[in-house]
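The values are calculated or read from the model by the stated rules, or taken from the named source; none is laboratory data. Remember, it's a predicted structure, so these values are computed and weren't measured experimentally. Every residue, glycine among them, receives a Cβ derived from its backbone with ideal geometry; neighbour counts consider all protein chains shown. For accessibility, only protein heavy atoms count, side chains too; no ligands or nucleic acids. Shrake-Rupley method; radii C 1.70, N 1.55, O 1.52, S 1.80 Å.
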Amino acid sequence: MALFIGSEIYRRSRYGSNHPLAIPRVSTCIDLCRALGWLPADRYLDSPIATPAELARFHDPVYIDALIATEAAQTVDAATSVRHNLGRGGNPVFGEIFRRPATACGASLAAADRLAAGTHARVFSPAGGTHHGLKDQASGFCYLNDPVLAILRLLDRGLTRVAYVDLDAHHCDGVEAALAGEPRVRLFSVHEAGRWPNTGAAHDTAGGIARNFPVPAGLNDDEFAYLMEAAIFPALADFAPQALVVQGGADALEDDPLSTLSLSNGALWRALDGLLGLGVPTMVTGGGGYNPWSVARAWAGMWARVAGYAIPDRLPPEAEAILRGLTWHRRKDQARPEHWFTTLADPPREGPIRPEIRDLARAARGLAA
């Protein structure tokens, strides 16, 4: 059975009115899935909050204490701010600066436990995917790193081959740095070249564990599918993972403001179908995604793929009302295509496969050899 792990903390928690994450994402995904009848009680778990001891499996206890103290005081002193990158660099002090990321980590740890124990074969946690978080610093809107904690939990539970596939437009620098050289892990990342954090070059293997695919602007559905089929799926089959962690960031979509990639959400869903087709215990998280309509629709569709629900051609009135009720202060004047309100699926973003895409697949096959 598939399990959805969520929490109401995301409904009321915001990074700040002008921040890219000042939009409802997880709460809208949950509401859409409920409106579609996809969240019966036996498939939904309210997320636990990771304890400081659990977080310390990866994160520095001094940093964890700093997050807790900053939440309590709702301010941070200059020295702590610089040391831990809090209140600066896109990582604001806000009301739930500890509890919100600790809840996402609690969900990923709960997912890892269920996969390792065999009680669930598939788990979806849209609040997860905070792949930039560093051992003792916030980075890239990520205060803690739930994918690292989940992978370490799977290894601690006795698994010896865990694969991590990151579909976010931004490279998973925090995950790669944390697990570099770990022979029990394989990491695959498709991300936009030349975009922050400016890591994840094609020749970067992180001590042999990573295969990076820095793609050019305008990546289309056919190019994305080509990389998955020509390079990533074969490498995963060779590695034969016992469990799979998928970071399902939605910022590579055409309508996202923080990348110049051009995917439809169908491209992400088809990639997820292929990954689920490996037939191994799989955890799927969210990640980036900064257009409230595109991210919520993409993640609701991911849950449909994870749990085996059919995506309707047109949304029922209850789901359409949720989408029509959203606002986006960041881009007030942008036109809202009608399909943002009436469907989950985007129109396909087809196109030719450019030579540089073929080169990336060829280079990855060479590294694997």
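For the stretch 177-208, what are the residues that are in contact with a strand residue (DSSP E or B) (Cβ under 7 Å, 6 or more places away or on another chain), under 26 Å from T160 (Cα atoms) and open to solvent by 30 Å² or more (accessible area, probe 1.4 Å)?
Those that are in contact with a strand residue (DSSP E or B) (Cβ under 7 Å, 6 or more places away or on another chain), under 26 Å from T160 (Cα atoms) and open to solvent by 30 Å² or more (accessible area, probe 1.4 Å): R184, R186, A202, D204.
Which numbered condition trips up V82, out of (1) crowded, with 22+ Cβ neighbours inside 10 Å; (2) of a type outside the set (D, E, K, R); (3) more than 29 Å from N212 (Cβ to Cβ)?
The number of the failed condition is (1).
Checking R114 against (1) of a type in the set (D, E, K, R); (2) touching a residue at least 60 places away in the same chain (Cβ under 8 Å); (3) farther than 30 Å from L155 by Cβ, only one condition comes out false. Which one?
Result: R114 fails condition (3) only.
Identify the single condition in (1) touching a residue at least 60 places away in the same chain (Cβ under 8 Å); (2) within 18 Å of L144 (Cα to Cα); (3) not β-branched (V, I, T) that R88 does not satisfy, given that it satisfies every other one.
It is condition (1) that R88 fails.
Would you be able to say whether some residue in the stretch 104-113 is assigned to a helix (DSSP H, G or I), closer than 20 Å to T285 by Cα and open to solvent by 30 Å² or more (accessible area, probe 1.4 Å)?
yes
Step by step: first the residues of the stretch 317-347, then only those that are touching a Gly at 6+ places or on another chain (Cβ under 9 Å) and aliphatic (A, V, I, L, M), then the one that is most open to solvent (accessible area, probe 1.4 Å). Which residue is that?
Going residue by residue through the stretch 317-347, those that are touching a Gly at 6+ places or on another chain (Cβ under 9 Å) are 344-347.
So of that shortlist, the ones also aliphatic (A, V, I, L, M) come out as 344-345.
Details: L344: 0, A345: 47 Å².
Only one residue tops the list, namely A345.
Quick one: W293 ticks every box in (1) within 19 Å of L326 (Cβ to Cβ); (2) of a type in the set (F, W, Y); (3) under 16 Å from the mean Cα position of the chain (by Cα) except a single one, so which number is it?
Of everything listed in (1) within 19 Å of L326 (Cβ to Cβ); (2) of a type in the set (F, W, Y); (3) under 16 Å from the mean Cα position of the chain (by Cα), W293 misses just condition (3).
Does the stretch 348-359 contain any residue that is closer than 24 Å to F233 by Cβ, without any contact (Cβ under 8 Å) to a residue 60 or more places away in the chain and either outside any helix (DSSP H, G or I) or open to solvent by less than 30 Å² (accessible area, probe 1.4 Å) (or both)? Spell out how you get there, then give the answer.
Initial filter on the stretch 348-359 (closer than 24 Å to F233 by Cβ): 348-359.
Then keep just the ones that are without any contact (Cβ under 8 Å) to a residue 60 or more places away in the chain; that gives 355, 359.
From the residues that got through so far, the ones that are either outside any helix (DSSP H, G or I) or open to solvent by less than 30 Å² (accessible area, probe 1.4 Å) (or both) too are none.
No.
Of everything in the stretch 360-369 that's without any contact (Cβ under 8 Å) to a residue 12 or more places away in the chain and either open to solvent by 90 Å² or more (accessible area, probe 1.4 Å) or basic (K, R) (or both), which residue is nearest to S27 (Cα to Cα)?
R362
If I go through the stretch 19-71 residue by residue, how many of them are open to solvent by 50 Å² or more (accessible area, probe 1.4 Å) and touching a residue at least 60 places away in the same chain (Cβ under 8 Å)?
4
Based on this model, can you work out whether A177 counts as in a helix (DSSP H, G or I) and aliphatic (A, V, I, L, M)?
Yes: the conditions hold for A177.
Could you grab the pairs with beta carbons closer than 9 Å, sequence gap of 6+ or different chains, first residue in the stretch 274-302 and open to solvent by 10 Å² or more (accessible area, probe 1.4 Å), second one among the aromatic types (F, W, Y)?
From the stretch 274-302, the pairs are G274/F233; G277/F233; L278/F233.
Could you check the stretch 1-69 for helices (runs of 4 or more DSSP H) lying wholly inside it with 2 or more residues that are within 23 Å of G249 (Cα to Cα) and touching a Leu at 6+ places or on another chain (Cβ under 8 Å)?
Where helices (runs of 4 or more DSSP H) fall fully within the stretch 1-69 and carry at least 2 residues being within 23 Å of G249 (Cα to Cα) and touching a Leu at 6+ places or on another chain (Cβ under 8 Å), they are 26-35.
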